[in-house]
Amino acid sequence: MFFFRMISRALRQQLGKRVMIAVTICLGAALTTSMMAVMLDVGDKVKQELSSYGANIEVTSKGASVVSEVYGTDDEPAGALREDELPKLKSIFWAYNLEDFAPYLKTTVQVGASGDSAPVTLYGTWFDHTLTLDIGEPVQTGLLRLRGWWDVEGGWAQDADPQQAMVGANLAAAHGWSVGDTVPVAGTDGDAELRVAGVFHAGSDEDDVLYVPLATAQQLTGRPGEVDRIEVRAITTPENELSQRAERDPTSLSVADWETWYCTAYVSSISYQIEEALTDAVAKPVRQIADSEGVILEKTQLIMVLIAVLAMVGSALGIANLVTAGVMERAPEIGLLKAIGARNASVVGLIIAETMVVGLVGGAVGFVLGIGLAQVIGQVVFSSWITLRPLVLPVMVALITSMILVGTLPSLRALMKLEPANVLHGK
């Protein structure tokens, strides 16, 4: 009881220094909490931002993959994937990580009048397709989600209308086409009258191609139920040494490593499972996208960790100066306590308890402010709210406690050296 009365009395003394300690811890805790909350949620935010840049996995048939590797081209049709197998993509272990996917069937068609026709690259695809899974659950997927950054004049083509088409900006300019125009095309196995539903600007080679519903391309090529390739957008975990070894040769992994790799959302493990689900399929990561995710995520998290560490170190140094100054001012009181029999351990416990009470109050306020700051960062940077992970609270309690203890160490060393006789005689 006497111990707690001493703490209560000490807290009422040196009020200015107590407030400064609380403010110092509050600022450090606020910045660290905000960085930790954002860091734990930034993976999903970065993936959402990068998802606008398209697919990170490309699936082709084994025959097409061999042709591509041997001849360095994907222009020659060699084997095909089956359209009726596409629902199997949502049956793999990481089905819920597959955000979007779209099939493609490529061909070259003649456009314009028969006497003045020109060859044009045409892709059949799903624009906004409702896919019904075996379990009866509907899934919306297609090019609309994979190419959300396109600048579209007019509107997106509809899968239900086989005559609608979307034209790249360069191709439309070359032929003088605009929204609503009719474009006659002749394929290898049929003709069609297409209506331009939208003109898109992609800023890439896609500006020179024509997109139509998949069924239309299949009719023009005489390849019903077939697709050449599939683009898949998946939420993945950054690659590491294990995933790189598995990508080179999954059979080289031990049983434990293989299970870890298979049950982790690496782009290589998701690709492997896609190959298991589809007949004669080869799934390869689109490295430009997949590698960018890991690099950006790691660098972002590293910056946040450094900021949090610097905030904690700065707060600990501030606490050390304030508590040491407080101990020096209270030297006569501490000397008297030692003179009447108080042991160093008791006096140390008193100083730590006082600082801990003040620090935890400041830390609690800082934690609340840090959560608010994290939400501000989420809205400003990602235009969405930061999801607070349960791990943040216990970690912050541990960090704040550690920061207080580290900050009091210099003052405790000075306290241990105080001699009652010298202090009480003014030496």
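The label point for Asp191 and the one for Asp134, both projected 7 Å from the Cα toward the Cβ, are 4.4 nm apart. Peptides 127-137, 93-103, 144-154, ordered by how many other C-beta atoms sit within 10 Å of their residues on average, highest first, read 93-103, 144-154, 127-137.
Peptide packing for 163-170, 273-280 was compared via the average number of neighbouring C-beta atoms within 10 Å per residue; ordered from the highest value, the list is 163-170, 273-280. Rounded to the nearest 0.05, the FRET efficiency derived from the C-beta distance between Val381 and Asn170 at R0 = 41 Å is 0.75. Dipole magnitude for the range 172-325: about 640 debye, using +1 per Lys or Arg Cβ and -1 per Asp or Glu Cβ, origin at the Cα centre.
Using the 1.4 Å probe convention, the accessible area of the range 192-266 works out to 42 Å² per residue with neighbouring protein chains retained.
Taking the Cα-to-Cβ direction at Glu298 and at Ser346 and moving 7 Å from each Cα, how far apart do the two end points lie in nm? In this crude label model, Glu298 to Ser346 measures out at 5.6 nm. If the segment from Lys62 to Gln110 were pulled out straight at 0.36 nm per residue, it would be longer than the present Cα-Cα gap by 14.4 nm. Cross-link list Lys62/Lys88; Lys17/Lys299; Lys88/Lys284; Lys90/Lys284; Lys62/Lys106: which exceed 27 angstrom alpha carbon to alpha carbon? Checking Cα-Cα distances, Lys17/Lys299 exceed 27 Å. Applying D = kT/(6 pi eta Rh) to the range 113-212, where Rh is the Kirkwood radius over alpha-carbon pairs, T corresponds to 25 °C and eta to 0.890 mPa s, the Stokes-Einstein value obtained is 172 µm²/s. Fully extending the segment from Phe93 to Thr182, taken as 0.36 nm per residue of separation minus the present Cα-Cα distance, adds 27.6 nm. For Val309 and Ala265, the difference between the fully extended length at 0.36 nm per residue and the C-alpha to C-alpha distance is 12.9 nm. Working from label points 7 Å from Cα in the Cα-to-Cβ sense, the Leu388 to Glu241 distance is 3.8 nm.
The values are calculated or read from the model by the stated rules, or taken from the named source; none is laboratory data. The structure displayed is predicted, hence computed values, not measured ones. Counting neighbours? That spans all protein chains shown, and the Cβs are built from the backbone with ideal geometry, glycine included. Quick note on the areas: whole protein, heavy atoms, side chains included, nothing else; ligands and nucleic acids left out. Shrake-Rupley method; radii C 1.70, N 1.55, O 1.52, S 1.80 Å.
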